[in-house]
1. Give me the dipole magnitude in Debye, nearest 20, for region 72-174 about the Cα centre, with unit charges on the beta carbon: positive for Lys and Arg, negative for Asp and Glu.
2. What are the residues whose amide H is under 5 Å from the amide H of Met141, where those residues sit 5 or more places off or on another chain and H is modelled from the backbone?
3. Only helical DSSP H runs with n ≥ 4 go in: add -39500 (n - 2.57) per run for the chain, normalise by residue count and round the 222 nm mean residue ellipticity to 500 deg cm²/dmol.
4. Listed highest first by mean packing, meaning other Cβ atoms within 10 Å per residue, what order do 128-138, 161-171, 228-238 come in?
5. Ordered by residue, what ³J(HN,Hα) values in Hz, to whole numbers, does region 212-223 give under the Karplus form 6.51 cos²θ - 1.76 cosθ + 1.60, where θ = phi - 60° and Gly and Pro are x?
6. Using 0.36 nm per residue, how much length does the chain from Glu17 to Gln210 gain when fully extended, once their Cα-Cα distance is taken away?
7. Using 18 Å as the cut-off for backbone N distance, which residues of region 217-241 belong to the label zone defined by a point 7 Å from the Cα of Asn28 along Cα→Cβ?
8. Where the centroid of each part is defined by its Cα atoms, how far is region 30-104 from region 116-162 in Å?
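Nothing in this text is a laboratory measurement; each read-out follows from the coordinates by a stated rule. Keep in mind it's a predicted model, so treat the numbers as computed, not measured. Neighbour counts are summed over all protein chains in view; Cβ atoms, including those assigned to glycine, are modelled from backbone coordinates with ideal geometry.
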Amino acid sequence: MYITFSIARFNYEKLDEVLPKPTAILSNDRSIKATYHFGQNIISGKQIMRVGLIKKSIEAMFDNQVSWLSDPLPNMTSDVYGIDAFYHDYCRYKTYPKWRWVKHRNQLVRYAMHYAQRLHENGLFCFETVLGYMYIQNQRMKGKIAKFEVLEKKVRWVMSKTYERIERGDFKKLDREALAKARAKNVALANKASIVSRQNKVQQRQQQVQQLLNNGVTDIHSIAGRLNVTTRTIYNDMKALKVRK
């Protein structure tokens, strides 16, 4: 399981600040592409939902200027993340709308359409949140769909029809004030966890910088290249370490 996205090149520093090191990253003068590999082929419905919340959180981190890509980048490293750990440490949105439980197979698509609308209204509509909902429902309902491919086909139908309704203006997201209130509690909890995570990340990187300096590596560009960060970040780290350069 993985996610891959593209953001503008000027977001490099922000990517380094708000998210962990990507499993793979490619950059040019205009854009950055990043892959996070979760190292799991079989995941639960709850984890599928969490991947959706992770994706929506990443979109929010970069002001919705994110393009999602279907394939992982080729230069994969050994950095693999667990879905649950990534969700707890870096996800801004911790909850999703409540749902009605599906009792029988013939209710699944109808209920999923209604839930997709609620997801959209709360700014959490994406393939994984819809798939996670339908996967969870399918595990408990009568007339369970045996093949994942069949379930996935129904999810894509719900996605397509919901996009059609969005384009027609059948329903809209909550206004900014209402949406902000709905998310305030989640964001507050996530910010606390995010601050601790960023502090630990900075401290760990500064320790690596100090170790390289102790080993005689003093070239700023060399240190930045080894740690996969920008030279500006290294200058800031050296300033914090009170190292003259």
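1. Working: 20 positive and 10 negative charges, 166 e Å.
It works out to roughly 800 debye.
2. Here the answer is none, since no amide H 5 or more places off falls under 5 Å of that of Met141.
3. That calculation yields -18500 deg cm²/dmol at 222 nm.
4. Result, highest mean Cβ count within 10 Å first: 128-138, 228-238, 161-171.
5. Computed from phi, the couplings for region 212-223 are 5, 4, 5, 8, x, 8, 10, 6, 4, 5, 5, 5 Hz.
6. Values: separation 193, 0.36 × 193 = 69.48 nm, distance 1.93 nm.
Contour length minus Cα-Cα distance gives 67.6 nm.
7. Counting backbone N atoms under 18 Å from the label point, the list is empty.
8. After rounding, the separation between the Cα centres reads 16 Å.
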